[in-house]
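The values are calculated or read from the model by the stated rules, or taken from the named source; none is laboratory data. Keep in mind that this is a model prediction, so the values were computed, not measured. No Cβ is skipped: glycine too gets one built from the backbone with ideal geometry, and neighbour counts run over all protein chains shown.
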Amino acid sequence: MNNSNEIELSIVTTIYNDAAIVPLLVDELTFHCKQLKVNFEIILVNDFSTDESEKEIEKVCLLSSNIKGITLSRNFGQQIAMSVGMRYATGRYIIIMDGDLQNPPSEIPRLYKEILKGYDVVYTVSPTRNNIFDKLTSFFFWTMLTKVLGVKIVKNQLMMKIMNRNFIERYNEYNENHRTVAGIVRDISSHYQVLYIENQIRQIGKSNYNFIERFDLMIDMLISLSNAPLNIMIFFGLLIFLFTNLASAYYIIQYLFFDVPQGFTSTILSIFFFGSLIVLLLGFIGRYLSNIYTEVRRRPLFHIKRAYNIEILKN
C-alpha cells in the first residue's frame, strides 16, 4: 500500500433500494482495490432509497474512513447521482460503476492498468443483459442511436468506466440538469480504449429500471447527443408536403375528369397516419422545449441530505 495520503483510485457507485447488496459490494470493491496496493476511496451515493440502504451505508462508513457515503435529499435519478459522486471523488483515477454488482468489481485491476497507458477514459462493453427484454430494449436503443441517428458513441457500453483526474475536472464543468453520463463522457474526449468484459446477471433484488425509465433515458440521450430528431422531423415534413401535393393533384384530376370513388377508408387512414405523425413530432418538439425550460431556470443540480466521512461542498 502506498504510504502517501494522496488518493490514487476512487470508486464511485450509486445505490437505490439495494440495502442487501451494500455490505457485499463494499467487501468486493475493497478486496479488488487492495490488490493494486494503492490508496483508494469508495464513494457510495444513495439516491434517496426508501429501504434500509442509508443505514447500511452508515454502517460500512464506520468501518473505515476511506469508505464515504452521500445521501441525496430526494431521488434525482442515477445519472445525477453518479455525477454527484464524481464531483466528490478525489483520486487521480476514478472508476464509476453500477452498485448492483452486475458490473464486476474483479475488472477493477484491469481497468486501472489500462488507464495507466495514457488514455483519458477506458470504457467497458458487454452484450450480456439480465433477460431477453433487457437485450431487446438495449439492441433497439443502440441501433437507433448509432445506425439510424448516426451518433458516434461506444456501442453497448456499460456504466463501468475509468477516467483520469483531468477528464473528471472537465466532466464536473458540465451543469445541465438533463444529462446522461455516457453523453457527457463522449463529448469530452475521443482518446479512449474499450475493454470487453462479461457483465454479471443480477443475483440479489431486481432492476430498478422499468420500461418507462429506460425509454425516458433513451430520449434524453438522443436529444443530448444529436440534432438528428429535429432533422428527421424536417425531412418527414418535406416528404409529407410532397406526398400531399401529389395526392391533391391526383384527386383534382379524378374530380375533373372521372367519377370520384367513395373515399371513406382512405380518408380515415390518412387522418390516423397524419394525426399520429403530428403527435409524434409535437412530442419531440415538446421534449426539446421542456429540456430548454429546465436548463434556463438554472436550479441546483442536486441537494445533499447527509454525508459520511466526507465534507459537503456548496453546489
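Things to note:
Listed here are the residues, each with its yes/no results for (1) part of a helix (DSSP H, G or I); (2) at pLDDT 70 or above; (3) under 29 Å from the mean Cα position of the chain (by Cα).
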position	(1), (2), (3)
Leu230	yes, no, yes
Ile234	yes, no, yes
Tyr251	yes, no, no
Gln262	no, no, no
Thr267	yes, yes, no
Phe272	yes, no, no
Gly275	yes, no, no
Tyr288	yes, yes, yes
Tyr293	yes, no, yes
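- The conditions of being assigned by TED's automatic domain parsing to the domain that holds Gln200, surrounded by fewer than 17 Cβ atoms within 10 Å (Cβ to Cβ), at pLDDT 95 or above and not in a helix (DSSP H, G or I) are met by Lys117.
- Of all residues in segment 147-168, one or more are part of a helix (DSSP H, G or I), in the same structural domain as Lys37 (by TED's automatic domain parsing), touching a strand residue (DSSP E or B) at 6+ places or on another chain (Cβ under 9 Å) and crowded, with 18+ Cβ neighbours inside 10 Å.
- Residues of segment 120-149 that are farther than 18 Å from Gln200 by Cβ, free of Cβ contacts under 8 Å to residues at least 24 places away in the same chain and of a type in the set (D, E, K, R): Lys147 alone.
- Pairing each residue of segment 1-21 that is closer than 17 Å to Gln102 by Cβ with any residue that is outside any loop (DSSP other than H, G, I, E, B) and at pLDDT below 95, provided the two are 6+ apart or on different chains, yields C-beta distances under 6 Å for Thr14/Gln78.
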